[in-house]
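Structure record follows, encoded as structure tokens.
A short reminder: the numbers here are calculations on the coordinates, not readings from a lab. This one's a predicted model, so the numbers in the text were calculated from it and none came from an experiment. Using ideal geometry, Cβ is built from the backbone for each residue, glycine included, and neighbour counts are taken over all protein chains shown.
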Amino acid sequence: MSDICDFEWSNNRYRHNLTISELKMGFNRNEPTDRSRALIALKELIGASRDYALKDKSCFQDDEFLFRFLYARKFNVNEAFQLIINYHAYRQRNAVLLQRLSVLDETIQIALRDGFPGVLPNRDRRGRKVLVFFTANWDYASYSLVTVYRAMLLTIEKLLEDKQNQANGFIAIVDWTNFTFRQSSNLNPKVLKLMIEGLQDCFPVRFKAIHFIGQPWYVEAALAVIRPFLKEKTRDRIKLHGSNLSTLHDCVARDILPTELGGEGPTFNPLNWYHELLESSQTVTKPAPSYCLSQPQIYTKTPAQFVPGIGGEHRKGDLSPAPGHPSPSPSPPSSLSSSHGTEFLKAATKAAAVKIGVLTAKANDPATNTLLGVTAGAGGCDL
């Protein structure tokens, strides 16, 4: 007979009718009975917890919200519970960053219209949604990396409304072609660390692969700087393709990719996803619960709110608020500004110098292909 497990969270000892094997291995997400048992167990853990991060237990009865965390941790109740604690603690620590997270935020709108992020219409062969980032489009003078992060969180929150996305996860393709050294100086290291912490340990989202193409040396240097903050599993999922699109196509089928990525689809248009978010806000009839990440506002479509765009070309700054609704609030003030760009450049340049020195000394050594601790080329795409 299997032993019964005891939990101890923040000095709160709680006895639960789960076996050790069930806690360690998780439940079968494909079995409705197992899903129900896992949900009940998670609710009981939340209800019994005295952890300060869970002082607001209003999410207790929202099954759809709790399922996000179970799917994110493959129905391992123990890990899903810890993820919920991390989620609420992160929100409390970064309340200013996450306030007024809405598609009607003016700076978020600008970022979305620039394609930060873009979402491809079709899924990959494993049923995963594909997020794309064309980094050369980043207008750092108009919005900071903080705004890009906020727009990304808003996008993820919307996509997670679909249970298929919860179960299958996402992949990201980041095109660094024509990304300038000046743009890289605005990659605030504090914000990068905050993004890694949130996406890796706090939000119920799974990135199954992250593909870099066209990355210049200073991006690889930046990757070396942030490498210590990445878990081994995350590092293994970053694929560096450089200018070799064929290795990207070995991982992601060409028929779902836009022409900019060597695909067979139409030219990428960032306005498609932007308009979809705007349209979805029309269905909002009441405020979001306090435990939800985004705070949608009611949106009414007017001719001025749709920006014409063909083949991804679009104009900025020609959105006006819907009649009868307040003007969208700007992004919250944040100390995470681009003032740390010089600090980042020094670190990146130092890392690049080390890398160049090693490459020079070991020009013929195959081991230099894994210098940064990430996978180069197409190997390991079967995730």
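Extending 7 Å from the Cα toward the beta-carbon at both Glu260 and Phe181 defines two label points whose distance is 2.5 nm.
Applying 0.36 nm per residue to the separation of Glu279 and Asp236 and subtracting their alpha-carbon distance, the gain on full extension is 11.8 nm. Summarising the amide proton neighbourhood of Val119: residues at separation of 5 or more, or on other chains, whose placed amide H is nearer than 5 Å comprise Val132, Trp273. In terms of other Cβ atoms within 10 Å, Phe60, Phe116 run from fewest to most in the order Phe60, Phe116. Spacing of the modelled spin labels on Ser243 and Gln92, each 7 Å from Cα toward Cβ, amounts to 5.2 nm. If the chain linking Glu161 and Asn122 were pulled fully straight, counting 0.36 nm for each residue of separation and taking away their Cα-Cα distance, it would gain 12.4 nm.
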